[in-house]
Amino acid sequence: MPVDLNGYWKMISSDNFEDYLKALDVNVAIRKIATLLKPDKDISHDGDHIVIKTLSTFKNYNMDFHVGKEFEEDLSGVDDRKCMTTISWDGDKLVCVQKGEIEGRGWTHWVDGDELHLELRAGGVVSQQVFKKS
C-alpha cells in the first residue's frame with residue numbers, strides 16, 4: 001500500500017542542487033536564484049490522483065497527474081522543455097521517469113517519519129532534498 005503524501009512540507013535541506021540544474025542546462029542566473037530558495041511542497045493525494053505544488057517566492061510549479069498514466073509534461077517553469085512523464089509506485093516510493101532531451105531524468109519521493117525526501121536525477125547527477133511536515 002503506497003504511503004500517504006498529503007500535507008504541507010517545508011524544505012530543511014538541499015544537497016547538490018546547483019549541479020543538478022547544470023545537468024539540465026539551466027542558465028547561471030536562474031541557477032544562482034534557485035539555489036538560494038527554500039521551496040515548500042503542498043501535496044494532495046487521493047488514490048491514484050496526486051497534485052504536487054512546489055511553492056517559492058520566485059516561481060511556483062504545479063504537477064497534476066494520475067499514477068501509472070504517461071503524460072506530456074510542460075517544464076516551462078523549470079528548464080523550458082517538454083517531456084513524456086510516467087510516475088509509478090515502487091513499494092513506498094513515488095518514482096518519476098521523464099523521457100526527453102536529458103538522459104536519466106526523473107525523481108523519487110518517499111516519506112520517512114515526518115520527513116519527505118526527494119531525489120532529483122538528470123544526466124548522471126543526483127540532488128537530494130528533505131522537507132519536514134508542518
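Quick look at the values:
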quantity	calculated
Neighbour-limited loop hits for chymotrypsin sites (Phe, Trp or Tyr not before Pro), segment 1-100 (at most 16 other Cβ within 10 Å; DSSP other than H, G, I, E, B)	F58
Gyration tensor (alpha-carbon) shape descriptor, segment 36-134, a/c threshold 1.5	rounded
Net charge over other residues, Cβ less than 14 angstrom from the Cβ of I30 (K, R count +1; D, E count -1)	+1
Which listed pairs, of K99/K133; K32/K93; K59/K132, have C-alpha distances above 22 Å, in listed order	K99/K133; K32/K93
1.4 Å probe accessible area per residue over segment 12-96, in Å²	56
Percent accessible area from carbon and sulfur atoms, the chain, protein chains only, probe 1.4 Å	50
Relative contact order [Cα under 8 Å, 6+ residues apart], the chain, whole percent	27
Simple spin-label estimate for E70 and A29 in nanometres, 7 Å along Cα-Cβ	3.7
Gain in span if fully extended, D15 to D46, counting 0.36 nm per residue against the direct Cα distance	8.2 nm
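The values are calculated or read from the model by the stated rules, or taken from the named source; none is laboratory data. Owing to the predicted nature of the structure, the values given are computational and were not obtained by experimental measurement. A quick note on method: Cβ atoms are made from the backbone with ideal geometry, for glycine too, and the neighbour counts reach across all protein chains shown. Areas reflect the complete protein model, heavy atoms only, side chains present, ligands, DNA and RNA absent. Shrake-Rupley method; radii C 1.70, N 1.55, O 1.52, S 1.80 Å.
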